[in-house]
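Here's the structure, in structure tokens; my notes come after.
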């Protein structure tokens, strides 16, 4: 059954060595989404390793990532390992 929902993009901002944290955050968001039907909105996790396509930017890689996913994200959540 089709329905309307507001989708809020959540940028998972991480260094390259945190794949386990990204996976845990995605699973948590997907779990929340499966319970949020009554709210009429969902969260869409985005991450630079999986949601950016190769492209050239004259200022380098980070500005291209920003242009593709950061500027359209509603939330930014930094994830990092704590020693």
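Read-outs: derived from the displayed coordinates by stated rules, not from any lab. Because the structure is predicted, anything quoted here is derived from the model rather than measured.
Compared with the dominant principal axis of the Cα atoms in the chain, helix 19-34 is inclined by about 20°. Computed over the chain with a Gaussian network model linking Cα atoms closer than 10 Å, the most mobile of 59, 35, 44 is 59. The candidate values are (1) 34, 26, 23; (2) 43, 34, 18; (3) 52, 30, 20; the one derived from this structure for Cα extents along the principal axes in Å carries the label (2).
Per residue of the chain, the DSSP helices (runs of n ≥ 4 H) give a summed -39500 (n - 2.57) that works out to -7500 deg cm²/dmol at 222 nm.
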